[in-house]
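One structure is given below, encoded as structure tokens.
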Amino acid sequence: QVQFVESGGGLAQPGGSLRLSCVFSGISFSIYTVGWYRQVPEKQREWVALISSGGGTQLADSVKGRFTISRDNAKNTVYLQMNRVKPEDTAVYFCNVLPVRSDYWGQGTRVTVSS
């Protein structure tokens with residue numbers, strides 16, 4: 001059974017940091033490009049970051065210079081390190097493979113940035 005479980009969300013103050021984790025099960029994790037997405041109410045889910053099987057990374061312009069993505073293939077886990085967070089980073093964060101599989105979305109982890 002394919003399952004992606006996100007964790008690490010919570011409340012952060014503007015300028016603070018959070019580290020999100022996503023554990024993948026049921027797939028050969030190491031061969032996939034994987035990514036982070038986020039969604040706020042009444043808006044479409046947007047792509048945030050990706051990391052290829054070889055470790056190459058890409059980040060959305062809105063988070064470039066503040067967020068980093070990494071992976072640990074031994075743990076089937078992808079991370080999103082969020083630094084210098086802003087109120088506009090408030091969202092539910094999800095992970096998925098790329099190309100996205102709509103049947104693989106998990107519950108997400110909620111991030112709130114507020115003073």
Check: How about Lys86: which lysines have a C-alpha closer than 25 Å to its C-alpha, ignoring those fewer than 8 places off in the same chain?
Finding: Lys43, Lys64
Notebook entry, point to check: Do you know the relative contact order of the chain, to the nearest whole percent, from alpha carbon pairs under 8 angstrom that are 6+ apart?
Noted result: 37 percent
Check: How about the stretch 23-92: which GluC sites (Glu not before Pro) there are in a DSSP loop, with at most 14 other Cβ atoms within 10 Å of their Cβ?
Finding: Glu42
Check: When the gyration tensor of the stretch 19-79 is built from Cα positions, what are the square roots of 5 times its three eigenvalues, in whole Å, from largest to smallest?
Finding: 21, 14, 10
Next item on the list: Give the Rg (one decimal place) followed by the Dmax (whole number) of the stretch 7-115, computed from C-alpha coordinates and expressed in Å.
Entry: 13.1, 40
Next item on the list: Quick one: compute a quarter of the convex hull surface over the Cα atoms of the stretch 51-109 and quote it in nm².
Entry: 4.8 nm²
Check: In whole Hz, what ³J(HN,Hα) sequence does the stretch 28-43 give by Karplus (6.51, -1.76, 1.60; θ = phi - 60°), x for Gly and Pro?
Finding: 7, 3, 5, 8, 9, 6, 10, x, 10, 9, 9, 9, 10, x, 6, 10
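Between Ser115 and Thr57, what FRET efficiency comes out of the Förster formula 1/(1 + (r/R0)^6) with R0 = 25 Å and r the beta carbon distance, rounded to 0.05?
Details: r = 30 Å, r/R0 = 1.19.
Once the sixth-power term is evaluated, E becomes 0.25.
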Next item on the list: Provide the percentage of antiparallel DSSP beta bridges, counting only those with both residues in the chain; round to the nearest 5.
Entry: 90 percent
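None of the figures in this text is laboratory data; all of them are computed from the coordinates on show. Source: prediction; values computed, not measured. Please note: Cβ atoms are built from the backbone with ideal geometry, for glycine as well, and neighbour counts cover all protein chains shown.
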